[in-house]
1. Of 103, 221, how do they rank once you tally other Cβ atoms within 10 Å and put the fewest first?
2. Just going by the charge dipole of the chain, with Lys and Arg at +1 and Asp and Glu at -1 on Cβ, which of 75, 25, 156 is farthest out on the positive end?
3. Tell me, 229, 63 in order of fewest to most beta-carbon neighbours within 10 Å?
4. For the chain, modelled as a GNM with alpha-carbon contacts under 10 angstrom, which of 239, 211, 158 fluctuates the most?
5. Pulled fully out, how much extra length does the chain show between residue 207 and residue 59, if you take 0.36 nm times their separation in residues and subtract their Cα-Cα distance?
6. Could you calculate the contour length gain from residue 299 to residue 284, that is, 0.36 nm times the residue separation minus the distance between their Cα atoms, to one decimal place in nm?
7. Gap in Å between the Cα centre of the stretch 234-302 and the Cα centre of the stretch 144-179?
8. Filter the chain for me: DSSP H helices, axial length by Cα at least 18 angstrom, mean Kyte-Doolittle hydropathy not below 1.0. List them by residue number.
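Bear in mind that the values in this text are calculations on the coordinates, not laboratory data. Predicted, not measured: the structure shown is a model, and the values here were computed from it. Every residue, glycine as well, gets a Cβ built from its backbone with ideal geometry; the counts of neighbours run over all protein chains shown.
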Amino acid sequence: MRRATDDTARLVFGRVELQAADAVILTSLAAFSLLAVGGRATVEGWPLLVARNVCVSAAVLISAAVTPRIRRLPLAFLLRTATVTFSFAYLFSAVAGLQLILHESFRDDLVLAFEARLFGVQPTLWMERFITPALTEWMMFCYVIYLPLYPVLCAILWVKRGEAAAEEYFFTLGLANVLCDAGFILFPVAGPMYWMPDRYSVPLHGWVFTWAGELIRTRAHFAGGSLPSPHAAAATVMWLMAWRHYRPAFWALAPVILSLYVSTFYCRYHYVTDTILGIATAGLALIVAPLLQRAWNRLAGA
């Protein structure tokens, strides 16, 4: 494995060495905690949410203190990747109870009305005519494979381009995720399977990946977390980071990422609007990330 370079800016507090992705995570946890306290009249179980946020923050700080002192690079990479990846996953779950702070209910009705005017049909229902077990399995594969792509692509970038490229990847992914989390609060949308499950007449049958996709739907998803689509946003960041740093990965991922966009509404996780705005959110993150990274470097004295 390629040795980590020294060109990643770190803000040092004693033994803790924070990088830009850590700042995104810690700032988001602090903001979510403040929102939970401020909206405690509507946030169910807000003390537990705040306590969990504090625990995750502590874990991030401990990891930031330990990782730079690990001599074995593969082990340091694994700890760093696990910390960031699980923190991003936690942020997605942490925002669940905060979605209705500004609005009393989900706004799916507005999305449905907009798509009806734009398309003349509801795309997730229109797609039913194309459903087959084989196509469903491919779409579910593309939707599910996104999860291991987080660490796998990071490993590729770390090996091929060094630590700085991996940290740029983490930071931009974090920014895209946080922008999506903000969208869940500003315009909460429950999602098709929570808002109108009775309108679907064709079941999604498949095999292994269909089973995995439905397991994620029932065990990891919740009403909301839909607009913008974090799947589409993160996948776009992954794809364009691959273009920037390692083109073979970009071309290898092309059929998967393009299919993933369709899978979000084919598999009824999102509306088309969610997916389009997810891609746009990734574009915003990719534009803003270099500016914020330079500001972070100045703050860290790099």
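1. Values: 103 12, 221 17.
Ascending Cβ contact count within 10 Å gives the list 103, 221.
2. The residue sitting farthest along the positive end of the dipole is 75.
3. Working: 229 32, 63 19.
The fewest-first ordering by Cβ neighbours comes to 63, 229.
4. The residue that fluctuates most here is 211.
5. On the way: separation 148, 0.36 × 148 = 53.28 nm, distance 3.70 nm.
That pair, residue 207 and residue 59, stretches by 49.6 nm at full extension.
6. Details: separation 15, 0.36 × 15 = 5.40 nm, distance 2.24 nm.
3.2 nm is the gain from fully extending residue 299 to residue 284.
7. Going from one Cα centre to the other spans 10 Å.
8. Values: long enough: 20-38 (27 Å, 1.87); 46-66 (30 Å, 1.73); 73-94 (31 Å, 1.39); 133-161 (39 Å, 1.13); 163-186 (34 Å, 0.98); 230-245 (22 Å, 0.36); 247-266 (28 Å, 1.09); 272-300 (40 Å, 1.06).
Helix filter hits for the chain: 20-38, 46-66, 73-94, 133-161, 247-266, 272-300.
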